Amino acid sequence: MALLSNDEVLGLIKRAQDFKYQRIRPVFNRQFFVANLFFENSTRTHKSFEVAEKKLGLDVIEFDASTSSVKKGETLYDTVLTMSAIGVDVCVIRHTDEHYYQELVDSRTIQSAIVNGGDGSGQHPSQSLLDLMTIYEEFGTFDGLKIMIAGDITHSRVAKSNMQMLKRLGADIYFTGPESWYSDEFDVYGQYMALDDLIDSVDVLMLLRVQHERHESGETFSKEAYHDQYGLTRARYAQMKESAIIMHPAPVNRGVEIASDLVEAPRSRIVAQMTNGMFMRMAILEAILNGKA
Ligand code: CP
């Protein structure tokens, strides 16, 4: 994703908006096959890619890791090699291993395009692009926006993709959350601060899911303690600017990162993020297929 220029990012946002508001359906000059290879659980990414693929008129190849030859010990590389050999044009992949895609894109045999649907705690580029679309739809710019990324930053691929892209696009980034889930390596992108020092002046509060499945034992907080110290409580919501928005990539731990009744509150864009995700994924797939067509 870091290889996309700012103009290319804006181009994808505009194209996703075309799909969203003008209901455009591109016509490709041949049949394309897509496989969604999810080796880690997903609802939004998997299903919004699937809807996007169907809206684009692509042929979606069913793949379920639990009934595939992965269960016989086949590697990811050999699974994708097979997809490529049988004519699958695009593989959308989610995997627990960071940088799983490197050997696939370095391969001289694999012809399928690889779309990263999330690699461990590494990157989540399609989520970042839908987040950028959601922010752009709200403010029409990234320049000078005060964006606070809150929570489990170390384990969040969403945070990593977003901090890189938002800084490059001119936003001012701030981080908050437990210090044990923060690393000095993020200092190049923004400043670590207490949530209560900035809650009344942020334009975007980007909450992150507490990723219990990626935690070593001993890094736990009670739900109540996390919510009180680092979460969006009703009291904090009341302090936010009228124009500020709340984002969360979801799934949400209701009552932990955010009070349950704020998920659909007026300043929340959590549902809009999901909707934008489907349109952004249409734009991503179209751009890839136009490159191959
Ligand atoms: N935001 C996101 O990636 O959600 P899923 O894990 O449900 O795909």
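The values are calculated or read from the model by the stated rules, or taken from the named source; none is laboratory data. Please read these numbers as outputs of a predicted model, since none were measured by experiment. Please note: Cβ atoms are built from the backbone with ideal geometry, for glycine as well, and neighbour counts cover all protein chains shown. For the accessible areas, the whole protein counts, side chains as well, though only heavy atoms, and no ligand, DNA or RNA atoms are used. Shrake-Rupley method; radii C 1.70, N 1.55, O 1.52, S 1.80 Å.
The residues of the chain present an accessible area of 45 Å² per residue when probed at 1.4 Å with all protein chains retained. Along the range 35-50 the Karplus relation, 6.51 cos²θ - 1.76 cosθ + 1.60 evaluated at θ = phi - 60°, assigns HN-Hα couplings of 10, 9, 9, 10, 9, 9, 4, 6, 10, 5, 5, 4, 6, 6, 5, 5 Hz to successive residues, with x for each Gly and Pro.
Residues whose amide H lies under 5 Å from that of H124, counting only those 5 or more places away or on a different chain, are S161; hydrogens are built 1.01 Å from N in the peptide plane. Reducing the range 40-71 and the range 269-291 to their Cα centroids gives an inter-centroid distance of 15 Å. In a fully extended conformation the segment linking L198 and K54 would gain 47.6 nm over its present Cα-Cα distance, using 0.36 nm per residue. If only the Cβ of Lys and Arg carry +1 and only the Cβ of Asp and Glu carry -1, the dipole of the chain around its Cα centre is close to 1140 debye. Per-atom-type breakdown for the range 228-293 gives carbon and sulfur 52% of the accessible area (1.4 Å probe, protein chains only).
Computed over the alpha carbons of the range 52-174, Rg followed by Dmax gives 17.3, 52 Å.
For the chain, a Gaussian network of Cα nodes joined below 10 Å ranks Y77, Y174, Y192 by mean-square fluctuation, and the top entry is Y77.
Bridgeable lysines around K146 (alpha carbons under 22 Å apart, same-chain partners fewer than 8 residues away excluded): K160, K167, K241.
A protection proxy built from the mean count of other Cβ atoms within 10 Å ranks the segments 87-100, 63-76, most packed first, as 87-100, 63-76. Can you find, among L166, G151, I199, the residue farthest towards the positive end of the dipole of the range 118-206? Put +1 on the C-beta of Lys and Arg, -1 on that of Asp and Glu. Value computed over the given set: L166. Residues in the range 180-188 carry Karplus couplings, in order, of 6, 10, 10, 9, 4, 5, 7, 4, 5 Hz; the curve used is 6.51 cos²θ - 1.76 cosθ + 1.60 with θ = phi - 60°, and Gly or Pro positions show x. Taking the helices alone, the chain has a mean residue ellipticity at 222 nm of -11500 deg cm²/dmol, built from -39,500 (n - 2.57) per DSSP H run of at least 4 residues and averaged over all its residues. Extent along the principal axes, Cα only, for the range 147-293: 53, 34, 29 Å, with the longest axis given first.
Please report the relative contact order for the range 194-274, taking Cα pairs under 8 Å with a sequence separation of at least 6, and give it as a percent rounded to a whole number.
Reported relative contact order: 39 percent.
Taking the empirical scaling 2.2 N^0.38 Å for compact globular proteins as reference, the range 19-101 has a Cα radius of gyration ratio of 1.19.
Given R0 = 30 Å, the distance between the Cβ atoms of E242 and E213 translates into a calculated FRET efficiency of 0.25.
Counting only Cα atoms, the size of the chain along its three principal axes is 55, 46, 34 Å, in decreasing order. When K160, K167 are compared by accessible surface with a 1.4 Å probe, the order from highest to lowest is K167, K160. Whole-Hz Karplus values for the range 112-124 come out as 5, 6, 10, 10, 7, x, x, 10, x, 8, x, 9, 9 Hz, taken residue by residue from phi with 6.51 cos²θ - 1.76 cosθ + 1.60 and θ = phi - 60°; glycine and proline positions read x. The share of alpha-carbon pairs in the range 161-215 lying farther apart than 13 Å comes to 64%.
The amide H of G117, built 1.01 Å from its N in the peptide plane, has I93, R94 as neighbours under 5 Å, considering only residues 5 or more places off or on other chains.
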